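These notes concern the structure reproduced below.
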Amino acid sequence: MAKKKSKKKTIIIIGFIVIAVGAIVAFIFLNNSNQAISVTTAKVAKRTISQSVSALGKIQPETEVKISSETSGEIVMLGVKEGDSVRSGRLLARIKPDIIESQLEQFKAAAEAAKMDIDISKAEKERAESDLKRVTELYKKEFASRQDFDLMKSTYDKSVSAYQASLSRHQQSLATLKQIEKTASRTTIFAPINGIVTKLNVEQGEKVVGTAQMAGTEMMMVSDLNTMNAMVDVDENDIVLVKIGDTAKIEVDAIPDKYFKGVVIEIGHSAIVNSLGTQDQVTNFKVKIRLIDKDVQFRPGMSCNVDIMTQTKANVLSVPLQSVTVRDTATSFKDIDEKASIQKKDESEAKQKVKRPPSVVFVRNKDKVKMKYVKTGISDKGFIEIIEGLKENEEIVSGNYMAVSKLLKDDSKIKIDSSLTKKFKKP
């Protein structure tokens, strides 16, 4: 009996503990629900905003000439080294013409043989012509048969054809000889443009393969470094913003703390797809930016970061980027200020017009905030344009991120945290 009373007493005590804990939790929850949210604020102000598109790429010269030999052979003279400045027409290298010289002798002999064939064919033609005249006279006097005349006529015609064929073979052999002579003359390689030897792939004594036979050996590259470009890859979502003539700010990794000016001169139309068929697939478009500023430190292949200024608006209302967030359309329209100029009287009509969650900001009203729907425009790295929904000098919540994106609602209580206030002052 005593055990039953003790068990009943234990259950009662546990029940009291659960009720007490629940009361404490409820008190804390109610207390926190009324607790003000720490935020920072900023004023709506007019600024100049420059929208930009960022991209990565390489510095490349406008003109690069890859130099190869047309003939195969050993490099017997190499007159430049990497980094040398050269003028158009300067001697760069010589290829030992041993192979081409043997070919030259071969085709010279072939041309001489073709010329001798002409003499032989000409003699045969003249003899056949003489025989044909003699048989023709005999045939007219009926001292030769028709068969003899036809046979001689056929022989003469064959000799004429053989003579014409020998002339053609001779012309062909001369043309081939001329081609080989030109190739032989190109064993000496000269600079095609003014520039700098930016790449040297061979050494004296190496053997190279000529382009006359296959792809050939790339011996060196001469580049004109007076005109340089930044070749960058722009994401497919940003390429529609870029136009010919847009200005750009270029930062070269190898030259820190210095920016160079550029202008967009060419936009690629063919997509460059990386990691095709994978989750990391990226589609970019090539954009060429002409560097306006000159610098002798530029080298082909240097990495660069580019900001292309696609649009600039002066003296427009703007707020810090982090002060603009989105709210679900289904709940936002009930909370948005009915007096806002862009708020529609018919809520269903507004929902049809807004296809994505609307952008909102939280305007300070003493110790509370009012959620307002805004229409935004272009943005830069710090601020975003406000087209509709706010007035100049209105105080809006600019931070922190959690407060703006998640915690704040219409009529939420706030307190200004001066230790976190950022300096978003009117310029």
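Each reported figure results from applying straightforward, stated rules to the coordinates on display, with no laboratory input. All figures in this text were calculated on a predicted structure; none of them were measured in a lab. Here the Cβ positions follow ideal geometry from the backbone for every residue, glycine too, while neighbour counts run over all protein chains shown.
Of note:
- Once the C-beta distance of GLN311 and ASP367 is scaled by a Förster radius of 35 Å, the resulting FRET efficiency is 0.35 to the nearest 0.05.
- DSSP-loop GluC sites (Glu not before Pro) across the stretch 217-306, with at most 15 other Cβ within 10 angstrom: GLU236
- When the alpha carbon gyration tensor of the stretch 370-420 is reduced to an equivalent ellipsoid, its three semi-axes come out at 20, 14, 11 angstrom, largest first.
- The stretch 97-186 - charge dipole about Cα centre, Lys and Arg +1 at Cβ, Asp and Glu -1, debye rounded to 20: 300 debye
- Of the GluC sites (Glu not before Pro) found in the stretch 104-162, those that fall in a DSSP loop while having at most 13 other beta-carbon atoms within 10 Å are GLU142.
- Proximal charge balance of ILE265 [Cβ under 14 Å; K/R count +1, D/E count -1]: +2
- Treating each Cα of the stretch 97-186 as an identical point scatterer and summing with the Debye formula, the log10 of I(q)/I(0) at q = 0.11, 0.15 Å⁻¹ comes to -0.47, -0.64.
- The largest-to-smallest principal axis extents of the Cα set in the stretch 72-227 are 90, 32, 22 Å.
- Shape call, the stretch 177-263: gyration tensor on alpha carbons, a/c limit 1.5: prolate
- Taking each residue as 0.36 nm, the span from VAL326 to SER38 lengthens on full extension beyond its C-alpha to C-alpha distance by 101.7 nm.
- A Förster radius of 51 Å, combined with the Cβ-Cβ distance separating LYS58 from PHE149, puts the computed FRET efficiency at roughly 0.05.
- Applying both filters, DSSP loop and at most 15 other Cβ atoms within 10 Å, to the GluC sites (Glu not before Pro) of the stretch 360-397 gives GLU392.
- With a Förster radius of 45 Å applied to the beta-carbon distance between ILE120 and ASP98, the computed FRET efficiency rounds to 0.85.
- Long pairs among LYS108/LYS158; LYS243/LYS406; LYS372/LYS415; LYS46/LYS406, criterion Cα-Cα beyond 30 Å: LYS243/LYS406
- Order of PHE190, PHE298 - criterion: other Cβ atoms within 10 Å of each residue's Cβ, fewest first: PHE190, PHE298
- Between LYS415 and GLN171, residue separation times 0.36 nm minus the direct Cα-Cα distance comes to 77.9 nm.
- Summarising the label geometry, the points placed 7 Å from Cα in the beta-carbon direction at LYS406 and LEU241 lie 2.8 nm from one another.
- Cut-off under 5 Å, modelled amide H: who pairs with ASN400 long-range: THR40
- Kirkwood Rh and Cα Rg combined as Rg over Rh, evaluated for the stretch 253-325: 1.06
- Subtracting the Cα-Cα distance of LYS381 and LYS108 from their residue separation scaled by 0.36 nm leaves 91.0 nm.
- Distance between the modelled labels on ASP253 and GLU206, one decimal in nanometres: 2.6 nm (7 Å Cα→Cβ projection).
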